[in-house]
Amino acid sequence: MSGERAALAAGLAAHLRRRRAMGDRRVAFHPNPPPSRGVSAAATSIADRGEAPAVTPLAGDSPRAVAPACPDWETLRERVAECTACGLCEGRTQTVFADGAGPARVMFVGEAPGYHEDRQGVPFVGRAGELLTAIITKGMGLKREDVVIANVLKCRPPENRDPTAEEKRTCTPWLDRQIELIDPEVLIPLGRHAANHVLGTETSMGRLRGRVHALGKRKVVPTFHPAYLLRNPAAKKDCWRDIQLAMAELGLEPPARGGA
Ligand code: SF4
């Protein structure tokens, strides 16, 4: 009996994959369903109720399989735009790939697109984006075009909630390939989600920021997310110390203040 259920579910899953590949967005893909509700049982029981079940994408569809094979930035951007590997694809206006295309010595990594980013398709717009731009231009003396800015997630979580561990695990191969292709000297993760992924730790921001981490040939200087700084302006001085650490790694001097 269990063999019949498995065969039925496998057939149903294959059918749904084909529907999805043909553009039917009502079919949601969940790449790693909980073991206790494996694809077979889940697909069968939900199908019995006439609903679209969650199914595992083909291995070749997953960011983990596709991202490392993307030879260049534009190919990677195109693959991300097509990605349906997690449920966040259902609510997005568009994927938010990056601002900038390199070459760049510095790369900022944020958390996930918000409302304005989802609408415009560009990371760090709106008030947090204005603050990040000020950090880059007034603080570091660079132009925004001199750096690359990306996020851990490429699609907006509903109501701007925190990304789940599963969403981060699914999406981060895109970011990892972005970092490989840009190959920055200094990475500046903005906030805990980005810092934890880049450094492969679950340590709090309080313990991560305020120093330079060596990651192979790259330096990592975590600092606060601009949205956090907007809510906690007193933390801006700590952020500025972090940025100065990054600038020292890059050999950058603070820009001259006119009339100071
Ligand atoms: S959040 Fe990432 S993994 Fe999920 S659909 Fe968007 S691009 Fe794909």
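Please state which one of Asp72, Asp99 is more than 17 Å from Leu190 (Cα to Cα), more than 15 Å from the ligand (Cβ to nearest atom) and among the acidic types (Asp, Glu).
Details: Asp99 fails: more than 17 Å from Leu190 (Cα to Cα).
Among Asp72, Asp99, only Asp72 is more than 17 Å from Leu190 (Cα to Cα), more than 15 Å from the ligand (Cβ to nearest atom) and among the acidic types (Asp, Glu).
Run down Ala150, Ala112 and say which single residue is assigned by TED's automatic domain parsing to the domain that holds Ala98, assigned to a strand (DSSP E or B) and either within 19 Å of Leu76 (Cβ to Cβ) or not hydrophobic (A, V, I, L, M, F, W, C) (or both). If you could, list the steps in order and put the result at the bottom.
Details: Ala112 fails: assigned to a strand (DSSP E or B).
It is Ala150.
Whether any residue in region 126-146 is more than 23 Å from Pro254 (Cα to Cα), touching a residue at least 12 places away in the same chain (Cβ under 8 Å) and within 16 Å of the ligand (Cβ to nearest atom) is what I want to check.
Checked region 126-146: no residue is more than 23 Å from Pro254 (Cα to Cα), touching a residue at least 12 places away in the same chain (Cβ under 8 Å) and within 16 Å of the ligand (Cβ to nearest atom).
Since Glu159 meets every condition but one in (1) in contact (Cβ under 8 Å) with a residue 24 or more places away in the chain; (2) part of a helix (DSSP H, G or I); (3) away from the ligand (no atom under 12 Å from the Cβ); (4) farther than 23 Å from Leu252 by Cα, which condition does it not meet?
All conditions pass for Glu159, except number (1).
Can you tell me which residues in region 94-108 are touching a residue at least 40 places away in the same chain (Cβ under 8 Å), open to solvent by 30 Å² or more (accessible area, probe 1.4 Å) and of a type outside the set (Gly, Ala, Ser)?
Filtering region 94-108 down to residues touching a residue at least 40 places away in the same chain (Cβ under 8 Å) leaves 95-108.
Among the residues that remain, those that are also open to solvent by 30 Å² or more (accessible area, probe 1.4 Å) are: 99, 101-103, 105.
Residues satisfying the conditions are Asp99, Pro103, Arg105.
Does region 202-216 include one or more residues that are surrounded by 16 or more Cβ atoms within 10 Å (Cβ to Cβ) and in a helix (DSSP H, G or I)?
In the first step, residues of region 202-216 are kept if they are surrounded by 16 or more Cβ atoms within 10 Å (Cβ to Cβ); the result is 205, 208-209, 213.
Subsequent filtering for residues that are in a helix (DSSP H, G or I) retains 205, 208.
Checked region 202-216: at least one residue is surrounded by 16 or more Cβ atoms within 10 Å (Cβ to Cβ) and in a helix (DSSP H, G or I).
Name the single residue, out of those in region 68-93 being hydroxyl-bearing (Ser, Thr, Tyr) and assigned to a loop (DSSP other than H, G, I, E, B), that is surrounded by the most Cβ atoms within 10 Å (Cβ to Cβ).
Thr84
Just wondering, is there one or more residues in region 55-70 that are at pLDDT 90 or above, farther than 30 Å from Leu250 by Cβ and of a type in the set (Ser, Thr, Tyr)?
Within region 55-70 (the criterion being at pLDDT 90 or above, farther than 30 Å from Leu250 by Cβ and of a type in the set (Ser, Thr, Tyr)), the answer is yes, since at least one residue qualifies.
Please indicate, with yes or no, whether at least one residue in region 230-245 is open to solvent by less than 50 Å² (accessible area, probe 1.4 Å), among the β-branched types (Val, Ile, Thr) and outside any loop (DSSP other than H, G, I, E, B). Reasoning before the result, please.
Here is the first cut: in region 230-245, the ones open to solvent by less than 50 Å² (accessible area, probe 1.4 Å) are 235, 238-239, 242-243.
With among the β-branched types (Val, Ile, Thr) added as a condition, the list becomes 243.
Add one more test, that the residue is outside any loop (DSSP other than H, G, I, E, B), and what stays is 243.
Yes, because at least one residue in region 230-245 is open to solvent by less than 50 Å² (accessible area, probe 1.4 Å), among the β-branched types (Val, Ile, Thr) and outside any loop (DSSP other than H, G, I, E, B).
The values are calculated or read from the model by the stated rules, or taken from the named source; none is laboratory data. The structure displayed is predicted, hence computed values, not measured ones. Note that we place each Cβ from the backbone using ideal geometry, even for glycine, and neighbour counts take in every protein chain shown. These area figures cover heavy atoms from the full protein model, side chains too; ligands, DNA and RNA do not enter into them. Shrake-Rupley method; radii C 1.70, N 1.55, O 1.52, S 1.80 Å.
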